Amino acid sequence: MADEIRVPIERDDDVVVARSKARELATELGFAGTDLTLLATAISEIARNITAYATRGEVCIEAVRRGARRGVKVVASDSGPGIADVEMALRDGYTSGKGLGLGLPGARRLMDEFDIDTEVGRGTRITMTKWGRDQ
C-alpha cells in the first residue's frame, strides 16, 4: 500500500483519476459499498472546484490510523484565488460561479472530518477524512 498518492488536478480526467485512486486505497483498507461512494463523491466535488476556480492543484490521498480505526485522508490544495467568505461558501446553494453551490457543503457532509485553510490570493487547502466502519 502506497504511503501517499499524489494526483495533479488540471482537467476533468484528473478528477476521475483521483476518485479512482481513493476508491482503490479505501477498498484495500476494507471500505465497502456506501462508504466508497461517499468518499469518491466528496473527492469529485473538491477536485472539480480546483478545475473550476483555481485551474490547477493537487489531491493527496493516504491511509491513516487512529487506534484500530482505518481511514482515508484527502488533502486537496491549490494556489488559486482562495475563498473570501468560508462561512458563506459552506452554505448550501451559495456559488461564486456557475455551479449549484453544493460542492463544499456536500463534501463536508459526506466526510467524517473536514477542514478548510484558505487565504484570498494564496489558495485553498481542504483536508478531509473518511473513517471506515468498525473493522
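For this structure, a couple of remarks:
- Annotation: of all residues in the stretch 122-135 being loosely packed, with under 15 Cβ neighbours inside 10 Å, farther than 15 Å from residue 77 by Cβ and not acidic (Asp, Glu), the one that is modelled with the lowest pLDDT is 135.
- Close pairs from the stretch 28-56: first closer than 28 Å to residue 69 by Cβ, partner assigned to a loop (DSSP other than H, G, I, E, B) and modelled with pLDDT under 95, Cβ under 6 Å, at least 6 apart: 28/1; 29/132; 30/132; 30/135; 31/132
- Among the candidates 58, 45, 62, 87, residue that is at pLDDT 90 or above, more than 20 Å from residue 12 (Cα to Cα) and of a type in the set (Asp, Glu): 62
- Pairs linking a residue in the stretch 73-91 that is on the phi > 0 side of the Ramachandran plot to a residue that is charged (D, E, K, R), with Cβ atoms under 8 Å and 6 or more positions apart or on different chains, are 82/119; 82/122.
The values are calculated or read from the model by the stated rules, or taken from the named source; none is laboratory data. Note that this is a predicted model, so its numbers are computed, not measured. Reconstructed Cβ throughout: ideal geometry from the backbone, glycine too, with neighbour counts over all protein chains shown.
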